[in-house]
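Here's the structure we're looking at; comments come further down.
The values are calculated or read from the model by the stated rules, or taken from the named source; none is laboratory data. Please read these numbers as outputs of a predicted model, since none were measured by experiment. Cβ atoms come from the backbone with ideal geometry, glycine included; neighbour counts cover every protein chain shown. For accessibility, only protein heavy atoms count, side chains too; no ligands or nucleic acids. Shrake-Rupley method; radii C 1.70, N 1.55, O 1.52, S 1.80 Å.
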Amino acid sequence: MTAQKTQKTRGPKTAMVLAAGLGQRMRPLTDKLPKPLVPLRGEAMLDTILDRLAGHGIAKAVVNLHYLGQMIEAHLADRKTPAVVFSQEDDLLETGGGVKKALPLLGADPFFVLNGDVCWLDGLTPALERLAAAWNEDEMDALLLLHPTCSAFGYEGVGDYFMDPEGRLRRRQERQIAPFIHAGIQVLHPRLFEGTPEGSFSLNKLYDKAQEAERLWGLRHDGEWYHVGTPQELRAVEDALHHLAEFSGQK
């Protein structure tokens with residue numbers, strides 16, 4: 001995206017963390033613990049995400065709840081920044097339905113949405129700061145952080161998107177291999193949810209809607225990204241982060 005486009009930005013002031021899922025692939029760790037509270041190097045993944053949001057200056061974060069939601073609510077009871085507001089889901093609403101239900105809490109301006117189990121390391125500039133700077137409300141309904149498929153730690157899929165030189169996205173078609181995966185971090189505008197159904201639906205439907213309108217954009221992540229889906233992958237990520245910390249001289 002050009003410098004002229006990034007001058008017309010208005011970064012998000014609120015965020016939503018998706019924390020309602022069942023975490024079935026992470027069993028048995030999630031038999032009695034929601035996946036966002038599974039510790040990674042001694043800290044719940046959800047805490048790491050909220051700390052990143054606080055560091056970016058986000059004052060309010062919505063966290064949706066369903067599976068073992070009372071544990072997440074209790075875990076965050078004493079958190080001051082960002083201020084956490086809960087969106088309770090009696091039935092699983094998937095990603096799109098969960099965000100739609102929380103729209104009254106998120107407000108009328110663009111907002112961040114992050115998966116509750118996303119694990120990443122920033123490059124020279126924090127990813128949230130780069131997304132906020134790249135956001136252009138005149139041209140975008142959705143801006144996704146993308147990571148190169150070939151260097152996504154632990155990821156063995158065929159990617160999600162192609163990105164043109166300006167940053168517009170096109171979803172991978174059947175039997176294609178795409179160079180980028182969606183990293184689970186994004187900026188969305190509330191207008192993207194206009195006309196959406198009640199109940200459960202995926203954000204993927206809205207990405208496709210935005211793509212058709214040429215309002216789906218991407219930003220390449222310049223740091224590291226880790227796939228954390230199973231207990232085995234969790235251990236592999238912990239080992240990788242431990243070795244990286246040793247190499248860089250950190251504890």
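Quick notes
- Solvent-accessible area per residue for the range 21-168 (1.4 angstrom probe, square angstrom): 44 Å²
- When the surface is traced with a 1.4 Å probe over the full set of protein chains, His242 keeps roughly 80 Å² accessible.
- Loop-exposed GluC sites (Glu not before Pro) per DSSP, neighbour cap 15 Cβ within 10 angstrom, longest uninterrupted part of the chain: 1-136
- Here the range 6-65 has an Rg and Dmax of 14.3, 48 Å, counting Cα atoms alone.
- Helix-derived mean residue ellipticity, 222 nm - over the chain, DSSP H n ≥ 4, -39500 (n - 2.57), to 500: -8500 deg cm²/dmol
- Distance between the range 189-238 and the range 44-89 - C-alpha centres, whole angstrom: 19 Å
- Across the range 109-122, computed HN-Hα scalar couplings (Karplus, 6.51 cos²θ - 1.76 cosθ + 1.60, θ = phi - 60°) run 9, x, 9, 6, 10, 10, 5, x, 10, 6, 10, 8, 10, 6 Hz from first to last residue, x flagging Gly and Pro.
- Counted by Cβ distance under 12 Å from Pro148, the other residues give a net charge of -2, where Lys and Arg count +1 and Asp and Glu count -1.
- Probe 1.4 Å, protein heavy atoms only - accessible area per residue of the range 177-241 in square angstrom: 43 Å²
- Taking amide H positions as modeled 1.01 Å from N, with prolines and chain starts lacking one, the residues under 5 Å from Arg220 and 5 or more places away or on another chain are Leu146.
- With the Kirkwood sum run over all distinct C-alpha pairs, the range 79-199 has a hydrodynamic radius of 16.2 Å.
- Accessible surface of the range 1-110, 1.4 Å probe, proportion on carbon and sulfur as whole %: 52 percent
- Proximity of backbone amide H atoms, modeled 1.01 Å from N, is registered between Met16 and Val62, Phe112, Val113, Leu114 at under 5 Å, excluding neighbours fewer than 5 places apart on the same chain.
- Mean shadow area of the range 137-251 over all directions, Cα convex hull, nm²: 9.6 nm²
- Mean projected area in nm² (Cα convex hull; one quarter of hull surface) for the chain: 13.6 nm²
- Accessible surface of the range 114-251 [probe 1.4 Å, protein heavy atoms]: carbon and sulfur percent: 50 percent
- For the range 62-140, the Cα-based Rg and Dmax, in that order, read 14.5, 41 Å.
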